[in-house]
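The values are calculated or read from the model by the stated rules, or taken from the named source; none is laboratory data. All figures in this text were calculated on a predicted structure; none of them were measured in a lab. Every residue, glycine among them, receives a Cβ derived from its backbone with ideal geometry; neighbour counts consider all protein chains shown. For accessibility, only protein heavy atoms count, side chains too; no ligands or nucleic acids. Shrake-Rupley method; radii C 1.70, N 1.55, O 1.52, S 1.80 Å.
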Amino acid sequence: VCSMGNSTSRLYSALAKTLSSSAVSQHQNCLEQPDLAQLDPIDPKDLLEECQIVLQKRPPRFQRNFVDLKKNATSNHRPIRVMQWNILAQALGEGKDNFVQCPIEALKWEERKCLILEEILAYKPDILCLQEVDHYFDTFEPLLSRLGYQCTFFPKPWSPCLDVEQNNGPDGCALFFLKDRFELINSANIRLTAMKLKTNQVAIAQTLKCNETGRLFCIAVTHLKARTGWERFRSAQGCDLLQNLKSITQGAKIPLIICGDFNAEPTEEVYREFSNSSLNLNSAYKLLSPDGQSEPPYTTWKIRPSGECRHTLDYIWYSQHALNVNSALGLLTEEQIGPNRLPSFNYPSDHLSLVCDFSFNQDPDRLL
């Protein structure tokens, strides 16, 4: 790790403390909340500068542009920026996923962590939904809480990360929102069921009040079961999540945004369940297509020993009667991704981040 100038040495000290996974190797402590009340706030520009110093030997970040999707809609309020991202659990990336075209050096946590933070800091989400988080307590909560986020983590009961030697504890879903923009009204950690059995997949659902508009809405994050052959299982998990969200949103009276890695192509039953739900949901990234009806060609692209895998698995669903999608972040092109696919020295995960700007529908008769 390169040395820092005096002007940023205090901040770098905080960042450097998260570089070693050994500090959180004791799994029995992985769910204990550290005392963050005494930590000083961080200027995001300073943290971004520190990340870029650590990454100075790597290629620069890919350029992605937002696509304006407003249909002559006007709003007097700032949009709500939501970011969805499966960041790739460190233990799985190094120990299980077998990215045969990705150099092991590209997966070093000391640098990959800074690539993840750089992506988050570049897009400045008001709400951040992450999957495969296995460095929550030693990295994301300490840093993001100091950036003004309220942080919640719900690990998988039997995380596959725990099968990897020198792991950093279980992975799970994490949800972060800016405390100066929203007030937490209610929070629920949901362990998903399938065929009446509790499963290893989880969700977090939080009802927030927008301080600027006074409006309530629900934000949820989830990660459904992976792999071919588990389609019915994912369908059952999706039904369970929808039932929970119907209760939490009082049958869609409260607007809803659901972020997740569904591990399901648009052809799967679980996708149709969300499309046809009584919650009146739409998938935000469909709006990038010419007809507004087609999902992107991929949200994940990797090469494993079994071959190349290019799939659309990640989604941001929203209440289309209550919310407008003002803009969405364009995806990386095939040329940007390159022949070795993801992850890489340029990009830290095998999944692309999705980012959308939302505004409330101005028709009061169609909302709360």
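Every residue, every condition in (1) more than 26 Å from S289 (Cβ to Cβ); (2) open to solvent by 10 Å² or more (accessible area, probe 1.4 Å); (3) in contact with a strand residue (DSSP E or B) (Cβ under 8 Å, 6 or more places away or on another chain), yes or no:
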site: F66; (1), (2), (3): no, yes, yes
site: S75; (1), (2), (3): no, yes, yes
site: P103; (1), (2), (3): yes, yes, no
site: A122; (1), (2), (3): no, yes, no
Could you please tell me which pairs satisfy a Cβ distance under 7 Å, a separation of 6+ or placement on different chains, a first residue in segment 200-216 that is assigned to a strand (DSSP E or B), and a second residue that is at pLDDT 95 or above and of a type in the set (G, A, S)? V202/G172; A203/A220; I204/A220; A205/A188; A205/A220; Q206/S187
Verdict on T193 being in contact with a Ser or Thr (Cβ under 8 Å, 6 or more places away or on another chain), farther than 23 Å from S278 by Cβ, of a type outside the set (A, V, I, L, M, F, W, C) and not in a loop (DSSP other than H, G, I, E, B): no
For a quick check of your reading: which strands (runs of 3 or more DSSP E) sit entirely within segment 231-322 and have at least 3 residues that are free of Cβ contacts under 8 Å to residues at least 60 places away in the same chain and either crowded, with 19+ Cβ neighbours inside 10 Å or polar (S, T, N, Q) (or both)? 281-283
Need pairs with beta-carbon distance below 8 Å; first residue in contact (Cβ under 8 Å) with a residue 24 or more places away in the chain and within segment 54-67, second open to solvent by 50 Å² or more (accessible area, probe 1.4 Å) and in a loop (DSSP other than H, G, I, E, B); sequence gap 6+ or separate chains. V54/V1; R58/F345; P59/F345
Pair list, Cβ < 6 Å and 6+ apart or interchain, from segment 77-94 residues that are in contact (Cβ under 8 Å) with a residue 24 or more places away in the chain and surrounded by fewer than 20 Cβ atoms within 10 Å (Cβ to Cβ) to residues that are in a loop (DSSP other than H, G, I, E, B) and not acidic (D, E): H77/T213
Please pick out the residue among L352, L367 that is surrounded by 16 or more Cβ atoms within 10 Å (Cβ to Cβ) and modelled with pLDDT under 95. L367
Take segment 261-304 and flag every residue that is of a type in the set (V, I, T) and within 30 Å of I104 (Cα to Cα). T299, T300, I303
Identify, please: which residue in segment 124-175 is β-branched (V, I, T) and crowded, with 23+ Cβ neighbours inside 10 Å and is, among those, farthest from V54 (Cα to Cα)? I127
